[in-house]
Amino acid sequence: MKAVARVRRTWIVNGEERKLSVAPMRRLLDILRADLGLYGAKEGCGEGECGACTVLINGEPRVACLTVAAQIPDGTEILTIEGLADTAEGRILQEAFVSGGAVQCGFCIPGMLMAAYALLLNNSEPSEEDVRRALAGNLCRCTGYVNIVKAVLAAARRLNETHRAESQGEQA
Ligand code: FES
Ligand code: FES
């Protein structure tokens with residue numbers, strides 16, 4: 001029987017070096033969930049349509065169901081929802097979602113948070129339209145999106161207040 005080819009990869013997942021030996025076409029979603037025990041990224045459609053599996057690859061949101069091991073070189077930084085709470089932005093976003101009533105069944109929320117986090121990394125004062133555009137690839141069947149968009153805008157305001165308070169503290 002012919003041995004299945006494997007690729008060796010070393011990635012930085014949520015800040016930790018992870019070494020893997022996997023089939024080149026193994027989906028990142030399966031690697032995260034089955035091989036690394038990171039169950040936060042969800043499988044909704046499995047076809048790149050719903051955004052439930054969104055993670056950040058080198059700071060960019062990507063759907064893990066359509067990304068395979070062979071496409072991700074050594075040294076790539078991957079951030080999942082499990083690593084988000086280790087960032088100030090992630091914590092503020094999560095608090096804003098909870099306090100703003102933006103979560104119903106919760107299935108879409110990990111992907112939403114990752115897409116929102118990627119937005120806030122690049123745009124500290126997003127407009128409502130910016131938020132809607134950034135979340136356009138993330139489907140939610142429960143909320144109607146209104147509270148999700150409001151929560152991202154609230155998190156952006158809160159982050160700016162925090163940064164202002166920090167810089168005033170440094171100057172004092
Ligand atoms: S499960 Fe990946 S986009 Fe839907
Ligand atoms: S909260 Fe249920 S799918 Fe979004």
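Its relative contact order, with pairs defined as Cα atoms under 8 Å and 6+ residues apart, puts the chain at 21 percent.
Relative to the longest principal axis of the Cα atoms of the chain, the long axis of helix 146-171 lies at roughly 70 degrees. When the chain is described by a simple charge dipole with +1 on each Lys and Arg Cβ and -1 on each Asp and Glu Cβ, the residue from 37, 159, 88 located farthest towards its positive end is 37. Take the Cα radius of gyration of the chain and divide it by 2.2 N^0.38 Å, N being the number of residues; the result is 1.11. Note on residue 86 and residue 142: with the Förster distance fixed at 22 Å, the Cβ-Cβ geometry gives a FRET efficiency of about 0.20. Considering only 143, 67, 162, the mean-square fluctuation computed in a Gaussian network model of the chain, springs between alpha carbons under 10 angstrom, is largest for 162. Each Lys and Arg contributes +1 and each Asp and Glu -1, all at the Cβ; summed about the Cα centre of the chain, the dipole is approximately 660 debye. Residues of the range 154-172 with backbone nitrogen within less than 13 Å of a virtual label 7 Å along the Cα-to-Cβ line of residue 99, please, listed as ranges. Taking a point 7 Å out along Cα→Cβ of residue 99, the residues of the range 154-172 whose backbone N falls under 13 Å are 154-162.
Label sites at residue 158 and residue 43, each approximated as a point 7 angstrom past Cα along Cα to Cβ, lie 3.3 nm apart. Quick one: grab the alpha carbon gyration tensor of the range 42-101, order the square roots of its eigenvalues as a ≥ b ≥ c, and give me rounded if a/c is under 1.5, else prolate or oblate depending on whether a/b is larger than b/c. Note, shape of the range 42-101 comes out oblate.
The GNM of the chain, with springs linking C-alpha atoms under 10 angstrom apart, assigns the highest mean-square fluctuation among 111, 37, 48 to 37.
Computed from the coordinates by the stated procedures, all read-outs in this text should not be read as laboratory data. Please read all numbers here as calculations on a predicted model, not as lab measurements. Every residue, glycine as well, gets a Cβ built from its backbone with ideal geometry; the counts of neighbours run over all protein chains shown.
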